[in-house]
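Q: Sharing a structure here in structure tokens format.
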Amino acid sequence: MPDPQPNPPSWLPKQQIVVAQLASGILEYAQHAAAGGSFRLPYPANLQLALDRLTLLAWQQDAPAPTSVVDLLQLAEQPFDDWKISLADADVDPDESLLAYGRPTVTCEELGSLRGDVEGEIRENALMRAVMDKARAADAPQSYVAFRKLLIRHPAIAALDLDSRLAEPDLALLAGEVRDAYLPAPPQAIADGVVRTCAGCNGLRLPLDDDRSWVCEDETCPAPGTAGVDHPAGEGVWWLRRELRTFITAPGRAELRIADELSRLGVPVRLWPDFDACDVAVFGERPWIADVKAWRNPIRLARRLRERLFTVPAEAEKAFIVIGQEQVRAHPRYLDRLRKACPQVRPGQRVVAVSEAEFVRAVRKRMEAAA
Ligand SMILES: [Zn+2]
């Protein structure tokens, strides 16, 4: 990427907004394409707008502009480092791209979802709201927890398996909402009469363009490409809706791992207490609360946290932003970059950013000190 320009003229669109628009357009495009198979014109308005605005950026930078939406989509497959247009102000890393194998990347999701924040998306998602309202009306927090656990552990599920889980009392309350959360596995997931799953995340594996290699669709999968169970396609296989895979399943794996590990230590731990007041609450007295984040890019997360850090309840002794191990592994300097870009979560602040492993160690330390 070339250097950013000093003092941009006022007519020049903000890089951050252009990239967000492009990412939203790609997400819309992908959604249409997944629903209808082949894509028909017109392209989503955001793609056209992004094309116009990128053209302005290109002119101003003396760089070649994409000539069409098709051109733009090809550009979106390339890492930003290879772009001739500088996007140095756009909160993206040089190695990130918006599309991979024709599918939107996690980067694209983070940039393109309107707020880019999981909690907001969950609260504003109609289905999640219905689930919360119903569980609350029935005073059944355990049903809410069971719903989220199902979505995290089973992004893909055989029809018979789902039916039997819906017979369990906690989930029975939300049977209609659970069914709404899943769609039939798409035609491209079926070959030789079977639907292939991934052992790393229990999601689907989809074919690459060559139709011979099958890859896990989830970029944050802890063990991508490990072959899981093959389900007979004829018996029916469900796949979680895309937005729920992004906003519930991917960040949820870290939440479940933390809860499982702390439970094994014998520490009282609650997931999504009080219908999602936070992600994890540990200890009964003077609780520690944690907000688990699975953003791919620490700079985008820092911006988000600078805009709105969660409110810590007065009774909480400590509060943490916890970064999932997948993210920390993918970016060795993740926490340094986050703390540098967001001083509000540095050590000594009311809310401190830590890795998943650091969080578990800190909990263990308090427990051992109390024993
Ligand atoms: Zn996977």
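The values are calculated or read from the model by the stated rules, or taken from the named source; none is laboratory data. On a predicted model such as this, the values are computed, not experimentally measured, just so you know. Neighbour counts are summed over all protein chains in view; Cβ atoms, including those assigned to glycine, are modelled from backbone coordinates with ideal geometry. Keep in mind that these areas ignore ligands, DNA and RNA; they rest on the heavy atoms of the full protein, side chains included. Shrake-Rupley method; radii C 1.70, N 1.55, O 1.52, S 1.80 Å.
Q: Suppose we filter the range 251-291 for residues that are farther than 12 Å from V363 by Cα and either in contact with a Pro (Cβ under 6 Å, 6 or more places away or on another chain) or among the polar types (S, T, N, Q) (or both); how many remain?
A: 1
Q: For the range 175-192, which residues satisfy the criterion of being closer than 23 Å to S164 by Cβ, open to solvent by 10 Å² or more (accessible area, probe 1.4 Å) and either away from the ligand (no atom under 15 Å from the Cβ) or not assigned by TED's automatic domain parsing to the domain that holds M128 (or both)?
A: If we filter the range 175-192 for residues that are closer than 23 Å to S164 by Cβ, which is where we start, we get 175-185, 189-190.
With open to solvent by 10 Å² or more (accessible area, probe 1.4 Å) added as a condition, the list becomes 175-177, 179-180, 183-185, 190.
Once the filter is applied, which keeps residues that are closer than 23 Å to S164 by Cβ, open to solvent by 10 Å² or more (accessible area, probe 1.4 Å) and either away from the ligand (no atom under 15 Å from the Cβ) or not assigned by TED's automatic domain parsing to the domain that holds M128 (or both), the range 175-192 yields A175, G176, E177, R179, D180, L183, P184, I190.
For (1) assigned to a strand (DSSP E or B); (2) farther than 23 Å from E110 by Cβ; (3) in the same structural domain as D95 (by TED's automatic domain parsing), each residue gets a yes or a no:
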position: E261; (1), (2), (3): no, yes, no
position: R264; (1), (2), (3): no, yes, no
position: C278; (1), (2), (3): no, no, no
position: R303; (1), (2), (3): no, no, no
position: F310; (1), (2), (3): no, no, no
position: F320; (1), (2), (3): yes, no, no
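Q: Of all the residues that make up the range 125-145, how many are assigned to a helix (DSSP H, G or I) and open to solvent by 50 Å² or more (accessible area, probe 1.4 Å)?
A: So the answer is 8.
Q: Further question on the same structure: Could you grab the pairs with beta carbons closer than 6 Å, sequence gap of 6+ or different chains, first residue in the range 215-234 and more than 9 Å from the ligand (Cβ to nearest atom), second one part of a loop (DSSP other than H, G, I, E, B)?
A: If the second residue must be part of a loop (DSSP other than H, G, I, E, B), the pairs left are A233/G193.
Results for (1) open to solvent by less than 40 Å² (accessible area, probe 1.4 Å); (2) closer than 20 Å to T107 by Cα, shown as yes or no for each residue.
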site	(1), (2)
C198	yes, no
L206	yes, yes
A233	yes, no
E243	no, yes
R270	no, no
P273	yes, no
F283	yes, no
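Q: Also, quick follow-up: Does Q78 count as more than 27 Å from L301 (Cα to Cα) and polar (S, T, N, Q)?
A: On the way: more than 27 Å from L301 (Cα to Cα): no; polar (S, T, N, Q): yes.
The answer is no for Q78.
Q: On to the next question. Can you tell me which residues in the range 328-341 are open to solvent by less than 50 Å² (accessible area, probe 1.4 Å) and either at pLDDT below 90 or not in a helix (DSSP H, G or I) (or both)?
A: Hit for the range 328-341 is H331, nothing else.
Q: Here's a follow-up. More than 10 Å from the ligand (Cβ to nearest atom), among the aliphatic types (A, V, I, L, M) and closer than 22 Å to N125 by Cβ: which single residue out of L208, L256 fits that description?
A: Details: L208 fails: closer than 22 Å to N125 by Cβ.
Checking each option against the conditions leaves just L256.
Q: How many residues does the range 147-161 hold that are buried (at least 21 other Cβ atoms within 10 Å of the Cβ) and over 18 Å from the mean Cα position of the chain (by Cα)?
A: Total meeting the criteria: 1.
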